[in-house]
Amino acid sequence: MVASAYSRERLEEAVAGARNWTDLMRRLDLKVSGGQRRVLQERVNGYGLDTSHFVKRSPWRKYPDAAIAEAVASSSSLREVALKLGATPATGTLSHIRRRISAAGIDVDHFPGLNQDDVDLPFTTEC
């Protein structure tokens, strides 16, 4: 008979080898979700198991300005910057990186279309 994923014995072994909460859920063959994480945290804390070795991550990856500047210098688009930083070039990530570039005053004049004040769209008044 297989012990419950929440049994102390199974959790002790899995927690000792896990790198973070997601890794722990996978080791226990559990669905990776926020609710599952909360249940595990309650059980692990209830048993007093040590998770100090878990890698801490914020929801936003931290990129030093120097790393962003280096990626910008050798890129021709925000998407390329994101990829060079190891990030998924999703809309939110690109917006975050763009704000960081602006806040750091990093020159992106070589990015086509990024610094246009007015959009120059061709149009005609004829129908």
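The values are calculated or read from the model by the stated rules, or taken from the named source; none is laboratory data. This one's a predicted model, so the numbers in the text were calculated from it and none came from an experiment. Positions of Cβ are backbone-derived with ideal geometry, glycine not excepted, and every protein chain shown enters the neighbour counts. All accessible areas refer to the heavy atoms of the entire protein, side chains included, with ligands and DNA or RNA removed. Shrake-Rupley method; radii C 1.70, N 1.55, O 1.52, S 1.80 Å.
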Of all residues in the range 1-38 being more than 22 Å from the chain's Cα centre (by Cα), over 17 Å from SER52 (Cα atoms) and among the small types (Gly, Ala, Ser), the one that is modelled with the highest pLDDT: SER7
Any hit, the range 17-31, residues being without any contact (Cβ under 8 Å) to a residue 12 or more places away in the chain and crowded, with 17+ Cβ neighbours inside 10 Å: no
Residues satisfying the stated conditions in the range 101-111, i.e. surrounded by fewer than 17 Cβ atoms within 10 Å (Cβ to Cβ) and either part of a helix (DSSP H, G or I) or in contact with a strand residue (DSSP E or B) (Cβ under 8 Å, 6 or more places away or on another chain) (or both): SER102, ALA103, ALA104
Filter result (small (Gly, Ala, Ser) and either assigned to a helix (DSSP H, G or I) or open to solvent by 40 Å² or more (accessible area, probe 1.4 Å) (or both)) within the range 78-99: ALA82, GLY86, ALA90, GLY92, SER95
